[in-house]
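Before anything else, here's the structure in question.
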Amino acid sequence: MTIHNITFSPTGGTRRVGELLCKELGGECVTTELCTKKENLKLPGIHTDDLTVISMPVYAGRVPAMAVERLKGIEANGARCVIIAVYGNRAYEDALVEMQDVATGMGFRVVAAIAAIAEHSICRMYGSGRPDAEDANELASFAADILRKIKGDGEYAPLSLPGNRPYKQGCKGPYPTANDNCTGCGTCASECPAGAISPDNLRGNDNGLCIGCMRCVAVCPVQARGIGERLNMLVAHLEPLCRDRKKNELFA
């Protein structure tokens with residue numbers, strides 16, 4: 001059995017959650033990063049007996065449309081899968097049921113689901129350091145539960161997950177730009193999955209293409225990109241919602 005770790009992880013937290021779970025599932029693991037430039041995207045070949053772990057970040061209670069679009073390019077072939085919605089210690093709202101619907105519609109058999117916390121992609125002080133050692137131990141224990149479950153007869157009842165159908169309305173932005181510290185190295189443009197940063201205007205941003213994933217902010221070697229004064233406003237808005245440590249939620 002091959003373990004497929006399929007993730008869309010602009011700032012790294014979502015991928016770390018998936019990696020922690022996959023490490024404990026054992027066997028050969030193949031990682032596919034969907035958060036890359038379209039021309040660099042390489043989709044895996046999945047067999048019926050494989051186990052796929054799909055992890056996506058939560059943006060305002062939904063998963064990114066780009067992540068869903070790219071995931072749908074993969075042939076599920078009836079394989080079992082675990083879905084993980086990773087959020088920045090605020091709320092995951094409809095993201096997990098959205099992932100369940102997408103995966104099931106593709107032909108995956110969803111055997112388990114996780115709502116997990118990682119550092120907030122914009123306000124990094126919320127969920128700081130997560131996933132941490134406590135999260136890793138919890139995921140390791142849940143991996144054992146998943147392995148016991150898939151050793152059964154292969155008939156899996158649909159999971160009952162929190163969330164609403166129809167899903168809440170998604171939102172766009174904020175849109176990062178660069179300040180005067182920008183050296184023009186081009187790392188942001190080369191790493192942007194949406195192609196929203198032109199090599200001819202490295203300090204700017206095409207808001208029509210940008211998905212607000214903060215990939216460019218995370219990879220900038222001189223920390224020149226950001227959302228400016230909007231960051232302070234967002235930090236203040238989220239403080240009462242994010243101050244307390246949220247627990248991971250596990251479903252199988």
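The values are calculated or read from the model by the stated rules, or taken from the named source; none is laboratory data. Since this is a predicted model, take the numbers as computed values, not measurements. Quick reminder, even Gly has a Cβ in these numbers, built from the backbone with ideal geometry, and neighbours come from all protein chains shown. Heads up: the accessible areas ignore ligands, DNA and RNA and are worked out on the full protein's heavy atoms, side chains in. Shrake-Rupley method; radii C 1.70, N 1.55, O 1.52, S 1.80 Å.
I want to verify a result. In a Gaussian network model of the chain, Cα cutoff 10 Å, which of these has the top mean-square fluctuation: 173, 27, 226?
27
How far is helix 13-25 tilted off the main Cα axis of the chain, in degrees rounded to 10, range 0 to 90?
Tilt of helix 13-25: around 20 degrees.
Size of segment 153-198 along its principal axes in angstrom, Cα-based, largest extent first?
Its Cα atoms span 57, 30, 16 Å along the three principal axes.
Using the alpha carbon gyration tensor of segment 164-241, what are the three equivalent-ellipsoid semi-axes (square root of 5 times each eigenvalue), largest first, in whole Å?
On the way: eigenvalues 121, 57, 18 Å².
Sorted largest first and rounded, they come to 25, 17, 10 Å.
Determine the shape class of segment 51-112: with a ≥ b ≥ c the square roots of the Cα gyration tensor eigenvalues, call it rounded for a/c under 1.5, and otherwise prolate if a/b is greater than b/c, oblate otherwise. Before the final figure, lay out each step's value.
Working: a/c = 2.31, a/b = 1.67, b/c = 1.38.
Prolate shape, in that a/c is at least 1.5 and a/b is the bigger ratio.
Right, something else. Once label points are set 7 Å from the Cα along Cα→Cβ at both residue 48 and residue 239, what is their separation, rounded to one decimal in nm?
It is 5.7 nm.
Compare the Cα positions of 30, 156, 177 along the charge dipole of the chain (+1 at Cβ of Lys, Arg; -1 at Cβ of Asp, Glu; about the Cα centre) and return the one farthest towards the positive end.
Result: 177.
I've got another one for you. May I ask you to order 115-124, 210-219 by the average number of other C-beta atoms within 10 Å around their residues, highest value first?
Values: 115-124: 23.8, 210-219: 21.8.
The most tightly packed comes first, giving 115-124, 210-219.
Here's something else I'd like to know. For segment 5-100, what is one quarter of the convex hull surface built on the Cα atoms, given in nm²? Could you put the intermediate results ahead of the total?
Details: hull surface 24.1 nm².
Orientation-averaged projected area of the Cα hull: 6.0 nm².
Same structure again: Have a look at 22, 242, 81 and tell me which one the Gaussian network model of the chain (Cα, springs below 10 Å) gives the largest fluctuation.
Most flexible of the set in this elastic network: 242.
Next up: Lys/Arg Cβ at +1, Asp/Glu Cβ at -1, dipole of the chain taken about the Cα centre: which of 41, 240, 12 is farthest positive-ward?
Result: 240.
Using the alpha-carbon atoms, what tilt in degrees (0 to 90, nearest 10) does helix 133-150 show relative to the longest principal axis of the chain?
It works out to around 40 degrees.
Can you give me the angle between helix 95-106 and the longest principal axis of the chain, using Cα atoms only, in degrees from 0 to 90, rounded to the nearest 10?
60
Can you flag which of 23/149; 23/151; 151/246; 42/247; 42/149 are past 25 Å Cα-Cα? Display every interim value, and only then the final one.
On the way: 23/149 17 Å; 23/151 18 Å; 151/246 31 Å; 42/247 33 Å; 42/149 30 Å.
The answer is 151/246; 42/247; 42/149.
Leaving out ligands, DNA and RNA, what percent of the accessible area of the chain is carbon and sulfur, probe 1.4 Å?
On the way: 5750 of 11920 Å².
The computed percentage sits at 48.
Out of segment 46-97, which GluC sites (Glu not before Pro) are coil in DSSP terms and have no more than 12 other C-beta atoms within 10 Å?
none
Tell me, in nm to one decimal, what length is gained between residue 203 and residue 141 on full extension, where the rule is 0.36 nm per residue of separation less the Cα-Cα distance?
Working: separation 62, 0.36 × 62 = 22.32 nm, distance 4.49 nm.
Extra length available between residue 203 and residue 141 comes to 17.8 nm.
Across segment 46-158, what fraction of all alpha-carbon pairs, as a whole percent, falls in each successive 10 Å bin from zero upward?
14, 42, 34, 9, 0
Okay, next question. Defining a contact as two alpha carbons under 8 Å apart and six or more residues distant in sequence, what relative contact order in percent does the chain show?
20
So if I take the centroid of the Cα atoms in segment 137-183 and the same for segment 34-90, what is the distance between those two points in Å?
That distance is 9 Å.
Accessible area per residue for the chain in Å², computed with a 1.4 Å probe and the full protein assembly in place, what is it?
Roughly 47 Å² per residue, with all protein chains present.
Treat each spin label as a single point 7 Å out from the Cα along the C-beta direction, and report the residue 172 to residue 159 distance in nm.
It is 3.1 nm.
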